[in-house]
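S.K.: Dropping the structure in here first, questions after.
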Amino acid sequence: DFVGIGEVDTLRATEQCRKAFNIDPDRVYLAGVSMGGYGVYAVGMHYPDLFAAIAPACGRTDHYLWQKLNRDKVEGFKRPLIDADNPIDLVENLRNVPTHLQQGQYDTLVDPEHSHRILKEFEKRGFEAKYEEIAGEDHWIYFKTDCYVRMLDWFDKFRRNPVPEVVTYTTYMPKYRRAYWVALDEFAKWGQRTTVRAEAAEGNALDITTQNVAALTVTFAPGLLDYSREVVVKVNGK
């Protein structure tokens, strides 16, 4: 499913392409279909600062819906293992990554409800997202060229912002701990939902709110603040 070793392969192939070709780091995009559509969500949400935009097609977005599980009845030790790769739980990570979704109207393999649910989460937060439901089609829309034309046309509109003014990141494992100019160095408790919201604020300040974070690092990224003057950093109100 493009997590674990599949994620390692994806990142390694991307890095090898960077070394071999003259690639604009602000025009790197991630696309995939079916199982690869889920992989786009997972890898893109784990490493949002690598991509200018992503395009999952026919991808599942919620393991609990996919397996028809009652989330509240899943054993506690399994929950962080599922949630760490579960797109619907990591939506905040795509605040600065435009997302293009596609699915067939009559998809019999991945219920279109997967796309409907995550689209609502994007819209609720005001994130850049577009959903195209292909009328009369089943799961196999990616057998046709149009699927990829729509992806590429969408990508061409966007460039990565390497220093966004607001960073939000959710994780369940220390392996996934950084985005843009914020890194989560220590968790207060393993396996718990861990979040950060870091924002450049008025008064040449950074306003940071965390949950389950014992230690973090902020990189004073170029252009984020005026570093020739005093900088105020407020963490959880202090």
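The values are calculated or read from the model by the stated rules, or taken from the named source; none is laboratory data. Nothing here was measured: the structure is a model prediction, and the numbers come from that model. Because the Cβ atoms are built from the backbone with ideal geometry, glycine has one as well, and the counts that use them run over all protein chains shown. Heavy atoms of the whole protein, side chains included, go into the accessibility calculation; ligands, DNA and RNA do not. Shrake-Rupley method; radii C 1.70, N 1.55, O 1.52, S 1.80 Å.
S.K.: Relative to the longest principal Cα axis of the chain, at what angle does helix 145-155 sit, 0 to 90 degrees, rounded to 10?
M.R.: 20 degrees
S.K.: Where does the longest stretch of the chain lie that holds no GluC sites (Glu not before Pro) found in a DSSP loop with 16 or fewer other Cβ atoms within 10 Å?
M.R.: The answer is 1-74.
S.K.: Work out from phi, with θ = phi - 60° and the Karplus expression 6.51 cos²θ - 1.76 cosθ + 1.60, the ³J(HN,Hα) of each residue of segment 170-186, listed in order in whole Hz, and give x for Gly and Pro.
M.R.: Along segment 170-186, the couplings run 10, 8, 10, 9, x, 4, 9, 9, 9, 7, 6, 10, 10, 10, 9, 8, 9 Hz.
S.K.: Can you return the aspartates and glutamates within cross-link range of residue 73? Criterion is Cα-Cα under 15 Å, with same-chain partners fewer than 8 residues away left out.
M.R.: Excluding near neighbours in sequence, the set is 83.
S.K.: Let me ask something else. Taking 35 Å as R0, compute the FRET efficiency from the Cβ-Cβ separation of residue 143 and residue 77 and round it to 0.05.
M.R.: For R0 = 35 Å, the calculated efficiency reads 0.30.
S.K.: Past 26 Å, Cα to Cα, is the threshold; run 68/189; 19/144; 124/189; 189/238; 68/157; 68/124 against it and keep the listed order.
M.R.: Checking Cα-Cα distances, 68/189; 19/144; 124/189; 68/157 exceed 26 Å.
S.K.: Right, here's the next one. Using a 1.4 Å probe on the protein heavy atoms, what percent of the accessible area of the chain belongs to carbon and sulfur?
M.R.: Answer for the chain is 51 percent, counting heavy atoms of protein chains only.
S.K.: For the chain, with every protein chain kept in place, what is the accessible area per residue (1.4 Å probe, Å²)?
M.R.: About 52 Å² of surface per residue is accessible.
S.K.: Return the sequence-ordered ³J(HN,Hα) values of segment 62-72 in whole Hz as given by the Karplus equation 6.51 cos²θ - 1.76 cosθ + 1.60 applied to θ = phi - 60°, using x for Gly and Pro.
M.R.: 8, 4, 5, 5, 4, 9, 6, 9, 7, 3, 6
S.K.: Given R₀ = 35 Å, what would the calculated FRET efficiency be for residue 68 paired with residue 12, taking r from the Cβ atoms and rounding to 0.05?
M.R.: According to the calculation, E is roughly 0.55.
S.K.: Along segment 228-238, what does the Karplus equation 6.51 cos²θ - 1.76 cosθ + 1.60 (θ = phi - 60°) give for ³J(HN,Hα), rounded to whole Hz, x for Gly and Pro?
M.R.: With coefficients 6.51, -1.76 and 1.60, one gets 7, 10, 4, 10, 9, 10, 10, 10, 6, x, 10 Hz.
S.K.: Continuing with the same structure: Could you pull out the chymotrypsin sites (Phe, Trp or Tyr not before Pro) across segment 1-107 that fall in loop regions by DSSP (anything but H, G, I, E, B) with no more than 12 other Cβ atoms inside 10 Å?
M.R.: 21, 77
S.K.: Compute the helix-to-body angle for 113-125: its Cα long axis versus the longest principal axis of the chain, expressed 0 to 90° and rounded to tens.
M.R.: Approximately 30 degrees, to the nearest ten.
S.K.: Additional query: For the chain, what is the percent of antiparallel DSSP beta bridges, rounded to the nearest 5?
M.R.: Approximately 55 percent, going by the DSSP bridge assignments.
S.K.: With the cut-off at 17 Å, report for segment 111-238 the share of all Cα pairs above it, as a whole percent.
M.R.: Here the long-distance tail beyond 17 Å is 69 percent of all Cα pairs in segment 111-238.
S.K.: To continue, here is another question. Name the trypsin sites (Lys or Arg not before Pro) in segment 1-109 that are in a loop by DSSP and that have at most 16 other C-beta atoms within 10 Å, would you?
M.R.: Those satisfying the criteria are 27, 68, 78.
S.K.: About the Cα centre of the chain, what is the dipole size in debye to 20, counting +1 per Lys and Arg Cβ and -1 per Asp and Glu Cβ, all else neutral?
M.R.: The calculated dipole for the chain is roughly 540 debye.
S.K.: Follow-up question, since we're still on this one. Amide H neighbours of residue 134 under 5 Å, at least 5 residues apart or on other chains, H built in the peptide plane: list them.
M.R.: For residue 134, whose amide H was placed from the backbone, the distant partners under 5 Å are 103, 104, 105.
S.K.: With each run of n ≥ 4 DSSP H residues scored as -39500 (n - 2.57), what mean residue ellipticity at 222 nm is computed for the chain after dividing by its residue count and rounding to the nearest 500 deg cm²/dmol?
M.R.: One gets -7500 deg cm²/dmol as the mean residue ellipticity at 222 nm.
S.K.: Right, here's the next one. Under the rule a/c < 1.5 gives rounded, and otherwise a/b versus b/c splits prolate from oblate, where does segment 73-144 land using the Cα gyration tensor?
M.R.: Oblate, because a/c is 1.5 or more while a/b does not exceed b/c.
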